[in-house]
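Q: Pasting in a structure now, in structure tokens, and then I'll have a few things to ask.
The values are calculated or read from the model by the stated rules, or taken from the named source; none is laboratory data. Bear in mind that the values here come from a model prediction, so they are computed numbers and not experimental data. Cβ coordinates were reconstructed from backbone atoms using ideal geometry, including for glycine residues, and neighbour counts include every protein chain displayed. Side chains included, ligands, DNA and RNA excluded: accessible areas come from the protein's heavy atoms. Shrake-Rupley method; radii C 1.70, N 1.55, O 1.52, S 1.80 Å.
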Amino acid sequence: QVQLVESGGGLVQPGGSLKLSCAASGRSFSFNAMGWYCQAPGKQRELVASITSGGITIYADSVKGRFTISRDNAKNTVYLQMNSLKTEDTAVYYCNARGRRLGTRVEYDYWGQGTQVTVSS
């Protein structure tokens, strides 16, 4: 079974920084893309950033130049460095990992429990 454990959310003032971490555990699993999604009240969950095992990244337009996603493949851990935070970044941030059990071909999406990020003065 796969578990994603997130950490790093909290309350920060506008212009501040936070770093989110997410560690994926699961015996004999390989994770391809890992990333972060956010969901604000009354809105749909949307992609913030993702990174493949080869280091290819995708960012939402709203966070380009402010957020940086990185990954430690050896630890199956993905990070999201969030700088110059804005009030509109306030949301629950969910970690996502797409992976498969070694020896199989079908990939599945796995989700963390979510961590609250609040940007407010």
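Q: Please check: in the Gaussian network model of the chain (C-alpha springs, under 10 Å), which one of Gly16, Gly65, Gly103 has the largest mean-square fluctuation.
A: Largest GNM mean-square fluctuation: Gly103.
Q: Shifting gears a bit: Going by a 4.7 Å Cβ-Cβ cut-off, which cysteines of the chain have no partner at all?
A: That list is Cys38.
Q: Heavy atoms only, probe 1.4 angstrom, no DNA, RNA or ligands counted: give me Ser50, Ser62, Ser120 ranked by accessible area, highest first.
A: Ser62, Ser120, Ser50
Q: Compare Trp111, Trp36 by solvent-accessible area with a 1.4 Å probe and give them largest first, with all protein chains kept in place.
A: On the way: Trp111 105, Trp36 0 Å².
Descending accessible area places them as Trp111, Trp36.
Q: Given axes a ≥ b ≥ c from the Cα gyration tensor, I'd like to know whether segment 5-76 is rounded (a/c under 1.5), prolate (a/b larger than b/c) or oblate.
A: Values: a/c = 1.71, a/b = 1.58, b/c = 1.09.
Because a/c hits 1.5 or more and a/b exceeds b/c, segment 5-76 counts as prolate.
Q: How large is the accessible surface per residue of the chain, computed with a 1.4 Å probe and reported in Å² as a whole number?
A: It amounts to 56 Å² per residue over the chain.
Q: Determine the sum of side-chain charges near Gln1: Lys and Arg each +1, Asp and Glu each -1, restricted to other residues whose C-beta is under 15 angstrom from that of Gln1.
A: Details: positive: Arg27, Arg100, Arg101; negative: Asp109.
Computed value for this residue: +2.
Q: Moving to a separate point now. Report in % the part of the accessible area of segment 1-95 that belongs to carbon and sulfur, leaving out ligands and nucleic acids; probe 1.4 Å.
A: Solvent-exposed carbon and sulfur of segment 1-95 make up 47 percent of the total.
Q: Would you work out which of Ser28, Ala60, Ser50 lies farthest towards the positive end of the dipole of segment 19-85? Charges go on Cβ: Lys and Arg +1, Asp and Glu -1.
A: Farthest towards the positive pole: Ser28.
Q: While we're looking at this one, here's another question. Under Stokes-Einstein, with the Kirkwood radius over Cα pairs standing in for Rh, what whole-number D in µm²/s applies to the chain at 20 °C and 1.002 mPa s?
A: Calculated translational D: 148 µm²/s.
Q: Could you give the dipole magnitude of the chain about its Cα centre, charging the beta-carbon of Lys and Arg +1 and that of Asp and Glu -1, in debye to the nearest 20?
A: Charge dipole of the chain: 320 debye, to the nearest 20.
Q: Which whole-number percentage describes the relative contact order of segment 1-111, with Cα contacts under 8 Å and a sequence gap of 6 or more?
A: 33
Q: A further question on this structure: First select every other residue whose beta carbon is under 10 angstrom from the beta carbon of Ala23; then total the charges, Lys and Arg +1, Asp and Glu -1.
A: Local net charge: -1.
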